[in-house]
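The values are calculated or read from the model by the stated rules, or taken from the named source; none is laboratory data. From a predicted model like this one, the values you see are computed outputs, not experimental measurements. Cβ placement follows ideal geometry from the backbone for every residue including glycine, while neighbour counts extend to all protein chains displayed. The area values use the complete protein model at the heavy-atom level, side chains included, leaving out ligands, DNA and RNA. Shrake-Rupley method; radii C 1.70, N 1.55, O 1.52, S 1.80 Å.
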Amino acid sequence: MSMATSLLMFPIQNKSKEQGMHNTVVDPVTREVISGMLNAVTAEMQQTLISTSHSPIITEGQDATAAIFDTEGRNIAQATAVPVHLGVLVEMGKRFAAQYPEGVAEPGDIYVCNDPYCGGTHLPDIAVVAPVFYDDYLVGYVATMTHHRDIGGYAPGSVNVEARDLHAEGLRIPIVRLYHRGELNDSLNALLESNTRTPESLRGDLGAQIAACRTGLKRYSRVFSRWGRETIAEANRQLMDYAESLTRAEIGRINDGDFYFEDWLDDDGLDPANDPLKIAVTLRVRGDEIEFDFTGTDPQATSAINNVPSSTNAVVFYAVRLLTGDRIPNNDGCYRPIRTVLPAGTLVSANYPAPVAARGMSLKRIEDVVLGAMIKAVPEFFTAAHSGQYTMVTIAGQDPETGRALLGHIGGPYAGGHGARPRKDGIDVTEHGATNGSPIPLEVAEAKLPLLFRQCSLWTDSGGAGRNRGGLGYHVDVEWRGPAVYAQLRRERMKFKPWGALGGSDAPLCSTEFFGIDGSNEELPGKCRRALIAGDRLSIYTTGGGGYGNPRERDRIAVENDVIDGKVSVEAAKEVYGYSG
């Protein structure tokens, strides 16, 4: 079958299938109380994850997620965390439930999986799931997902643009039992720890996931103790139907039509001179249903910037949840009116064994095109483009004194500005969108790695001009003070600017400059490896978000304040905003 006709079509959900529970009466007040209790369970699981993990990417960056599923693996509650993880768990929950259903799952079991081609994202994201039993009946599952520091492969950190297939990226774990009836599978555990450069981090972070699942087991069981199986099952059915009906109502307010948007990745990461790569989507609204068709997207790359369908679907789910807002229960019912069309063998739906380790770069562009189509459909609701990238600089080497791996992100801010909003400016230097992490504080970064931040500041004029200004990006100057290492850079928006909306201006391009201790300096491409020795510096400019509306319509007082605050230069105030003092 040719690529043009080989399409993966995802009608995301069917109607609920519960039988025999409909005679149970659950009033609206009880339903909302149960909903609140389920959300509290996931919130406590999430807090356990953050509080007990080993790696800063989790304890500070909060790259972790918790959720609850019913016996069919349908999502019934999620923590407020990483949308792309939560969206992926929508599919992965069903896969866990299919492999370990009633009669196969046993009390004390814990399962793990990181396979992108089995509903995952990329290999560092490991899902840990445990079945929940009440009165000897399987009543659901609790789940966590976190990004692990290293899971093997040829590149330290297990996230490398240059990988040519999945098996070069690290250890691939299918859905398997890590614990059976409460007993650890020592052989599997040894296999996991022997395939990472940082076994102490894997041990600590995986242990935190297990602790979070066990917390969820206890708390979720208490919900059943309070209400009983029949009441909980009926409440969950009602909550999913309620979420579906409210989502359909919001979609129904959009005028029917087709809304096309495209955007570009700078290159494939193997050579900055290589061609840019297109991601395209057509949003179709018909009544109370919505479709995202990615036909027109470029074929999958040789490098590791591809995405699997579950990741692309997760971005779509996130965009629709933005439309519906937080008053709608965050469960499986939200996704029933959504359909995606993902051409197989493309950047948004790669074929096995395509590499996907650095999929975050194209994930950001998928988000940009999805939100770009949404702003055409609902211009009064969605924002201009966010910065559209995150600045990941991974240090990899060896400590000559201990012989242990020297591995980690440089820390500090990594996301740029938020896109300008229809009625407000964008937010400065904030992680946002489908990834929604937190920056690692400079002090923590300097304590974990031998480096010094010589400067960290807002970048003047980096927010796209508009009636509402895009959030600003930032500039950091960081000096390496340790032994010889490699810095691996994963950056985007070096060639294609974050777009403005409804007359707003684009934000500027990102840039990276290397300054050597020997007096040399050079401009670096977005995706590259660079040797560092003590005294070398990286000067990193990360862009802001696009502007919204005509800059000449911006409030005069707002322009004055921007100049006073150093967010807008005097020259830009005059030339772009028409400010005359």
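Worth pointing out:
- The stretch 149-198 - Kirkwood radius from inverse mean 1/r over Cα pairs (Å): 11.9 Å
- Cα-based convex hull volume of the stretch 485-527 per residue, rounded to whole Å³: 73 Å³
- Per residue, the solvent-accessible area of the chain (1.4 Å probe, heavy atoms of protein chains only, all protein chains present) comes to 37 Å².
- Other residues within the sphere of radius under 13 Å centred on the Cβ of residue 431, judged by their own Cβ, net out at -3 (K and R +1, D and E -1).
- Residue-by-residue Karplus 3J(HN,Hα) for the stretch 531-545, coefficients 6.51, -1.76, 1.60, Hz, glycine and proline x: 5, 10, 10, 3, x, 5, 10, 10, 10, 10, 10, 10, 6, x, x
- Net charge of Cβ neighbours under 10 Å - reference residue 83; Lys, Arg +1; Asp, Glu -1: 0
- For the stretch 28-243, the equivalent ellipsoid derived from the Cα gyration tensor has semi-axes of 30, 17, 15 Å, listed largest first.
- Average projection area in nm² (convex hull over Cα atoms of the stretch 185-259, one quarter of hull surface): 10.2 nm²
- Viscosity 0.692 mPa s, 37 °C: Kirkwood-radius Stokes-Einstein D of the chain over Cα pairs, µm²/s: 134 µm²/s
- Long-range Cα-Cα pairs in the stretch 383-580 (distance over 23 Å), rounded percent: 45 percent
- The listed residues 259, 69 rank as 259, 69 when sorted by accessible area, largest first, using a 1.4 Å probe.
- Relative contact order (%) - the chain, alpha-carbon pairs under 8 angstrom, separation at least six: 13 percent
- A cut-off of 5 Å between modelled amide H atoms, ignoring neighbours fewer than 5 places along the same chain, links residue 119 with no other residue.
- Translational diffusion coefficient (Stokes-Einstein; Kirkwood radius from C-alpha pairs) of the stretch 498-581 at 25 °C, 0.890 mPa s, in µm²/s: 160 µm²/s
- With all protein chains modelled, accessible area of residue 186 [1.4 Å, Å²]: 110 Å²
- Sequence of 225, 438 when ordered by accessible area, the most exposed leading, probe 1.4 angstrom: 225, 438
- Per-q log10 I(q)/I(0), the stretch 321-442, q = 0.14, 0.21 Å⁻¹ (Debye; single scatterer per alpha-carbon; no solvent): -0.83, -1.33
- Note on the stretch 238-360: Cα Rg divided by 2.2 N^0.38 Å, N the number of residues, gives 1.18.
- Each of the peptides 414-423, 482-491, 452-461 was scored by the mean count of other Cβ atoms within 10 Å over its residues; in descending order, highest first, they stand as 414-423, 482-491, 452-461.
- A dipole drawn for the stretch 41-153 from +1 and -1 charges on Cβ atoms has a positive end, and of 51, 117, 75 the residue lying farthest that way is 117.
- With every protein chain in place, the chain: carbon and sulfur % of accessible area (1.4 Å): 50 percent
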